[in-house]
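We did not get these values from a lab; they are worked out from the coordinates using the rules stated. Because the structure is predicted, anything quoted here is derived from the model rather than measured. As a convention, Cβ positions derive from the backbone with ideal geometry for all residues, glycine included, and neighbour counts pool all protein chains shown.
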Amino acid sequence: MITIIRYGMQEALRRKVFLVVLSLTIVFLGLFWVINHFVFRDVAHITPPEDVHVDSRTFAGAFMFGLGMFATLFLGVVLAVFLTLGVVSGDAERGLLQPLVVRPIGRAALLGARFLGAAAVCAAYVLAVYFGAMLIVGGTGHWWPDRIVTPGIELVAAVVIVTALSLLGSVVLSATANGIAVFMLFGAGLVAGLLGSIGHALDSHAVKTSAAVAAWVLPFEALYQDALRQITASTSGVTGFLLQLGPFGGAYIHGWGIRLWAAAYLALVAFGAALVFARRDL
Amino acid sequence: MPAALAVSGLVKRYGAVEALGGVDLEVREGELVGLLGPNGAGKSTLVKIAVGLVRPTAGQAALAGAVAGSLAARRALGYLAELFRFPGWYTADEVLLLHQRLAGSDGGAEERRRLLELVALADARDRRVEAMSKGMQQRLGIAQALVGEPRVLLLDEPTSALDPVGRRTVRLLLEELRGRGVAVLLNSHLLSEVELVCDRVAILLDGKVVAAGTPAELARPRGVEIETDAGLETIAGAGREDAPRLVAERVAAGRQVYGVRVLTSTLEEVYLEKVGGATS
Ligand SMILES: Nc1ncnc2c1ncn2[C@@H]1O[C@H](COP(=O)(O)OP(=O)(O)OP(=O)(O)O)[C@@H](O)[C@H]1O
Ligand SMILES: [Mg+2]
């Protein structure tokens, strides 16, 4: 188990996955800092009209941190996908997998080890970027989210689910096709999330329903939305209402129901991946 | 004592393609069996089923008495795939270390050193796989298959990339392994090699065994050649047991006999006869 986890990490190191992700992250965080710097400088000069009770600093802070969380999720997903996209089919096509699979470790443990390794790296990474973004918003704008830890954990869970989906995909699809498929799912989830916001703004039942279905089918999206909702959990009034309308407005499906479902979903995907892998000819 | 490898009624279909059409084969302990056949005959498919990479459509395969692919079976085997690759950034030593861990071998550095020496890679211990020639990688693959002292060795064209010296090294290695009681199934297109080293041979054609036996059994007599003062004479259809009589007849007829040779077909001739011109 440990051997395979190490094997996976060495592979990632070699393929320069970490190098690319690290450089991209540094670029992102740098850019994020610059943007925050200017946004909060300008916000200081904006005075909303007397009759609109908007706290512009809270609004800007929540909006910017929402953007940061989106970027965290996106970068986390990129890392997860590139760590796992070719673990089965890709490696089997290249002849890397066969010598490992015939060893006593067995297929399920092999897949499990690759999952644990990738999930651990992604979790550490997501938390680092999440808290990095939080420090940047807090440092430049003196705004801190209403909940500090839970949204981060929800983002981690979202990325872990994507990791599992990508591993499942790698059992049935070639590496390239799998990469495309997972990113498409991810994109579909984001669109569904935006659709949800729009649906609630327009109060359209049909749009709301389809967004809700999408959230249950792709719970990583629901977790991300729930995380967004949490950062302004105690922000009320017009500020909260306006934030809800925006792209980082947060979930309409939330709470323990979706969290438990996400956990069950993860187990189902992992179980499915192991089952399909066990029966696959290599 | 169960056979090291036993397959019976083995069928494998890939969609409409029937790769194996009911194959029976046995490899006993300490026996070296060669599997021959044209491209696409099903040799690799058979080996992949034996090591649990591929699931049979019908029939049974057992390794060391355990169902192929089961934990007990995987513990007993060493396998070299036809197409394989090791991570390019691993050194020869690290590849073996990885497989020692996966195979649960406690042979340590001593085992790794010995295996690299066996395949004449002692000097390449710290060389990265990506910096190795194809033949070196194949020899490393053979060393990898031997990690943990497997009881059953399945080698799918282990010498396809080797030079003549490398082939000889592998041949001697296989003979040594047989001496230690290891069972070996060897896929190969190199008939002379198989003839030299294998105890038994099976020829596959279109997923079926068309001939099986020891090389000597397969190589049927083709006649006796006698050289006399009247020239070279070939008596077709005659065998070894006919030779004394044939010589006596010539002598009685006043001929000077200079030489007698019993002609047997080579494995190559048997192979070509069984397989015809088939290749796919
Ligand atoms: N994954 C697969 N999908 C579909 N058909 C396959 C697959 N693997 C093998 N086959 C088919 O099964 C048959 C047997 O293939 P196999 O690789 O066992 O032949 P082989 O005897 O090892 O040939 P070679 O000497 O070329 O290595 C071939 O017709 C091949 O096309
Ligand atoms: Mg083959």
From the C-alpha coordinates alone, can you work out the Kirkwood hydrodynamic radius of chain A, in Å?
19.9
Could you work out the pair-distance distribution P(r) of the stretch B:1-118 from its alpha-carbon pairs, with 5 angstrom bin width and percents rounded to whole numbers?
2, 10, 17, 19, 18, 15, 11, 7, 2, 0
Expressed as a whole number of Å, what is the distance separating the alpha-carbon centroids of the stretch A:113-149 and the stretch B:156-217?
58
Along each principal axis of its Cα atoms, how long is the stretch B:221-264 end to end? Whole angstroms, biggest number first, please.
27, 17, 13
Using just the helices of chain B, give the 222 nm mean residue ellipticity in deg cm²/dmol: DSSP H runs with n ≥ 4 each add -39,500 (n - 2.57), and the total is spread over all residues, rounded to 500.
-10000 deg cm²/dmol
Once R0 is set to 30 Å, what does the formula 1/(1 + (r/R0)^6) return for the Cβ-Cβ distance between B:ASP242 and B:HIS189, expressed as a FRET efficiency to the nearest 0.05?
0.30
Taking amide H positions as placed 1.01 Å from N in the peptide plane, with prolines and chain starts having none, which residues 5 or more places from B:LEU204, or on another chain, fall under 5 Å of its amide H?
B:LEU36, B:GLY37, B:VAL210
Computed ³J(HN,Hα) along the stretch A:9-16: with the Karplus parameters 6.51/-1.76/1.60, θ = phi - 60°, integer Hz and x for glycine or proline, the list is 5, 5, 4, 4, 4, 5, 6, 6
Sticking with the crude label model, points 7 Å out along Cα→Cβ, report the distance from B:ARG114 to B:GLU227 in nm, one decimal please.
4.9
Out of A:VAL21, A:VAL87, A:VAL78, any idea which swings most in a Gaussian network model of chain A, alpha carbons joined below 10 Å?
A:VAL21
Suppose only helical runs count, i.e. DSSP H with n ≥ 4. What mean residue ellipticity at 222 nm does that imply for chain A under -39500 (n - 2.57) per run, divided by all residues and rounded to the nearest 500 deg cm²/dmol?
-27000 deg cm²/dmol
Averaged over its residues, how many other protein chain Cβ atoms are within 10 Å of peptide B:84-95's Cβ atoms?
3
Can you work out the PRE-style zone for B:ARG125? Point 7 Å along Cα to Cβ, and I want the residues of the stretch B:146-174 with backbone N under 17 Å.
none
Please give, to one decimal in nm, the separation of the simple spin-label points placed at B:GLU269 and A:HIS37, each 7 Å out from Cα toward the Cβ.
8.8
Taking the stretch A:147-224, how much of its Cα-Cα pair set, in percent, is spaced more than 15 angstrom apart?
60
Per residue of the stretch B:184-194, what does 6.51 cos²θ - 1.76 cosθ + 1.60 with θ = phi - 60° give for ³J(HN,Hα)? Whole Hz please, x for Gly and Pro, Karplus curve as stated.
10, 10, 10, 8, 7, 9, 8, 5, 5, 5, 4
Around B:GLY223, which amide H atoms from residues at least 5 apart in sequence, or from another chain, sit under 5 Å from its own amide H, with H modelled in the peptide plane?
B:GLY237, B:ALA238, B:LEU263
What number comes out for the charge environment of A:GLY76, summing +1 per Lys or Arg and -1 per Asp or Glu over other residues with Cβ under 15 Å away?
-2
Just to confirm the number: angle between the C-alpha axis of helix A:219-231 and the first principal axis of chain A, 0 to 90 degrees, nearest 10?
30
Please compute the contact order of the stretch A:92-188 in relative form: average sequence separation of alpha-carbon pairs under 8 Å and at least six residues apart, divided by the residue count, as a percent.
26
Please report the spacing between the Cα centers of the stretch A:163-236 and the stretch B:219-244 in Å, no decimals.
84
Computed over chain A: longest principal axis from alpha-carbon atoms vs helix A:56-84 long axis, angle to nearest 10 degrees, is 10
So between A:ALA264 and A:VAL27, what do we pick up on full extension, going 0.36 nm a residue minus the alpha carbon distance?
81.7 nm
GNM flexibility winner over chain A from A:MET69, A:MET184, A:MET134 (Cα, springs under 10 Å)
A:MET184
Where the centre of each part is set by its Cα atoms, how far does the stretch A:66-102 sit from the stretch B:75-94, in angstrom?
22
Scan around B:THR228 for amide H atoms under 5 Å from its own, H built in the peptide plane at 1.01 Å from N, and keep only partners 5 or more places away or cross-chain.
B:GLU233, B:TYR258
Taking the simple approach of a point 7 Å from Cα along Cα-to-Cβ for both A:LEU135 and B:ALA216, what is their distance in nm?
8.0
Starting from the Cα gyration tensor of the protein assembly as shown, multiply each eigenvalue by 5, take the square root, and state the resulting semi-axes largest first in whole Å.
69, 23, 18
With +1 on the Cβ of every Lys and Arg and -1 on the Cβ of every Asp and Glu, and nothing else charged, how large is the dipole of the stretch B:3-217 about its Cα centre, in debye rounded to the nearest 20?
460
Please give me the summed charge of the neighbours of A:PHE65: other residues whose Cβ is under 13 Å from its Cβ, Lys and Arg +1, Asp and Glu -1.
+2
Could you quote the convex hull projected area for the stretch B:49-203, Cα atoms only and averaged over all directions, in nm²?
9.3
Can you give the FRET efficiency to the nearest 0.05 for B:ALA72 and A:ASP281, using r as the Cβ-Cβ distance and R₀ = 22 Å?
0.55
Between their Cα atoms, which of B:LYS12/B:LYS274; B:LYS48/B:LYS208; B:LYS12/B:LYS208; B:LYS43/B:LYS274 are more than 19 Å away from each other?
B:LYS12/B:LYS274
Please report the base-10 log of the normalised intensity I(q)/I(0) for chain B, using a Debye sum with one equal scatterer per alpha carbon and no solvent, at each q in 0.08, 0.10, 0.11, 0.16 (1/Å).
-0.41, -0.60, -0.69, -1.19
